[in-house]
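First the structure, in the form of structure tokens, and then the observations on it.
The values are calculated or read from the model by the stated rules, or taken from the named source; none is laboratory data. Here the structure is a predicted model, which is why all the values come from computation and not from measurement. Backbone-built Cβ (ideal geometry, glycine too); neighbour counts: all protein chains shown. Accessible surface areas use protein heavy atoms only, side chains included; no ligands, DNA or RNA. Shrake-Rupley method; radii C 1.70, N 1.55, O 1.52, S 1.80 Å.
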Amino acid sequence: MPFIWCLGSIIGPALGGLLAQPTKFYPGIFPPGGLLEEYPFLLPNMVSSIVLVFGITNGILFLDETHDVLRNKRDYGRELGDKLVNLFRWRKAEDVESRPLLADSTTNYNGTSNSEESVDDSINAKPKRLPSVSRAFTRPVIGLVLSYAILAYHTMGFDQLMPIFFSTPVSSEKPHNLFFFTGGLGMTTQRIGFILSMQGLFSMCAQFVVLPPVARAFGVLRVYRICVFTYGIGYIVVPYLVWLPEGNIQTAGVYAVLAVKILHGVLAYPCNAILITNSAPSLLVLGAINGIASSCASLARAFSPTVTGMVYSFGLSIDCVGLAWWVNTLICLIGAYQATSMRQDDFDHPADDLDDLVSLVDEEHAAGHDSNVESHIPGMDANTQIIGTADETFDEYGLVRSVVEADMDLLSASLPPESTLATLASLDVRMSERAN
């Protein structure tokens with residue numbers, strides 16, 4: 001996914017830079033005096049909108065639902081997509097006559113057939129129900145969602161400010177005060193688009209070269225902490241690019257700053273995603289957690305351009321072009337302070353899916369062996385306390401870990417009749433005795 005994102009990051013800026021101000025750069029194709037002269041950035045935005053509509057349409061018609069609970073619901077978009085594919089597919093005449101245009105009743109619009117879904121009727125006899133979403137947001141999850149929103153805020157601020165800073169006219173006065181100076185780099189839209197495309201290309205390479213060995217060597221949490229603590233270095237340096245002599249030296253400075261930002265980005269975002277996944281108490285609530293995290297990040301990305309743009313304009317009015325960058329650094333430091341509350345213990349227990357447990361127990365019973373239940377119970381150790389009702393197993397956060405409503409019923413159906421919750425509790429006691 002990051003690779004595909006980087007691919008779009010190469011094509012998008014280049015296309016935007018080429019299509020901006022078309023009446024100025026392509027007067028033979030777009031004659032002056034029309035709508036595109038009045039709105040010089042309308043054309044790249046129209047192209048972006050068309051691409052966006054294409055992506056939405058593709059998602060509605062052809063993407064299968066993967067959610068454990070929702071994937072068996074009827075999907076009208078997928079039905080329409082299959083009809084369109086069958087309608088426009090090139091087939092032989094006899095194939096057209098022998099195969100119906102509409103999908104038959106045994107086909108589900110989730111990528112599987114009814115025969116495939118009925119392999120294990122004993123497990124799928126009861127539909128799953130979602131666990132309580134409110135219980136999914138533990139302290140580690142909330143901390144990571146907040147960290148993700150802060151990360152999205154200041155990185156979006158950088159992405160919005162950088163092209164503006166590139167295009168801001170060069171000041172007629174040379175900077176002489178360390179904090180109060182103004183002016184940008186005076187680049188054209190074409191050059192800005194090319195630089196941003198190179199940024200996407202560098203990101204693509206860094207995804208493969210930098211992220212895997214660094215994460216293996218230092219650990220995901222440590223890498224994430226280092227990134228959020230040092231992210232602001234690039235923000236501090238950016239305004240001082242105007243101090244460099246124009247030409248190759250200044251261009252090298254621009255690419256150096258972008259390289260620092262890209263390295264932090266290709267490390268911080270995947271690490272945050274991995275930590276969120278590892279902190280999820282159940283795979284069934286992972287979608288809800290990711291949805292809330294994405295919504296918070298989107299909200300931060302919505303406010304960031306407005307706020308940073310206002311601060312940048314105010315900074316120019318007082319001859320302080322670096323004000324917006326340094327405010328962005330302050331937001332970055334807030335995120336760094338928040339990251340100090342994260343503990344490695346919060347991410348050492350990945351979410352378990354009870355379906356794996358049920359299938360393992362079923363296999364052992366089918367083979368005629370005694371079920372070694374304690375080796376398969378997710379999160380069952382000497383520190384686990386089984387309290388509450390028969391369908392709740394609470395961990396140290398007071399949260400049901402992987403054992404959710406209806407799942408205990410599925411587990412009980414797969415175990416021998418005598419294997420009740422009391423038996424599971426006794427197994428925990430025996431495990432504690434073995435450990436001692």
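In the range 209-222, the residues that are touching a residue at least 12 places away in the same chain (Cβ under 8 Å) and under 19 Å from Leu144 (Cα atoms) form Cβ pairs under 6 Å with partners that are part of a helix (DSSP H, G or I) and open to solvent by 50 Å² or more (accessible area, probe 1.4 Å), at six or more places apart or across chains, as follows: Val220/Ile274; Leu221/Gln344.
For the range 71-102, taking the residues that are modelled with pLDDT of 80 or more and assigned to a loop (DSSP other than H, G, I, E, B), the one that is surrounded by the most Cβ atoms within 10 Å (Cβ to Cβ) is identified as Asp75. Quick check, is Val237 touching a residue at least 24 places away in the same chain (Cβ under 8 Å) and among the aliphatic types (A, V, I, L, M)? The answer is no for Val237. The residues on offer are Ser298, Ser313, Ser341, Ser282, and the sole one that is under 16 Å from Thr155 (Cα atoms) and of a type outside the set (A, V, I, L, M) is Ser298. Going residue by residue through the range 107-123, is there one that turns out to be surrounded by 20 or more Cβ atoms within 10 Å (Cβ to Cβ) and modelled with pLDDT of 85 or more? No, there is no match, as no residue in the range 107-123 is surrounded by 20 or more Cβ atoms within 10 Å (Cβ to Cβ) and modelled with pLDDT of 85 or more.
Residues in the range 294-303 include at least one that is in a helix (DSSP H, G or I) and more than 18 Å from the chain's Cα centre (by Cα).
The sole residue among Phe194, Phe229, Phe181, Phe165 that is surrounded by 15 or more Cβ atoms within 10 Å (Cβ to Cβ) and in contact with an Asp or Glu (Cβ under 7 Å, 6 or more places away or on another chain) is Phe181. Here is the figure for the range 6-47: residues that are part of a helix (DSSP H, G or I), touching a residue at least 12 places away in the same chain (Cβ under 8 Å) and not β-branched (Val, Ile, Thr) total 19.
For Ala280, the criteria (1) at pLDDT 85 or above; (2) hydrophobic (A, V, I, L, M, F, W, C); (3) open to solvent by less than 10 Å² (accessible area, probe 1.4 Å); (4) over 26 Å from Ser203 (Cα atoms) hold in every case but one, which is (1). Kindly evaluate Leu52 against the criterion of being more than 21 Å from the chain's Cα centre (by Cα) and either under 30 Å from Asn290 (Cα atoms) or touching a residue at least 12 places away in the same chain (Cβ under 8 Å) (or both). No, not satisfied. Quick check on the range 7-27. Is at least one of its residues more than 18 Å from Ile192 (Cβ to Cβ), out of contact with any strand residue (DSSP E or B) (no Cβ under 6 Å at 6 or more places or on another chain) and surrounded by fewer than 14 Cβ atoms within 10 Å (Cβ to Cβ)? Within the range 7-27, one or more residues are more than 18 Å from Ile192 (Cβ to Cβ), out of contact with any strand residue (DSSP E or B) (no Cβ under 6 Å at 6 or more places or on another chain) and surrounded by fewer than 14 Cβ atoms within 10 Å (Cβ to Cβ).
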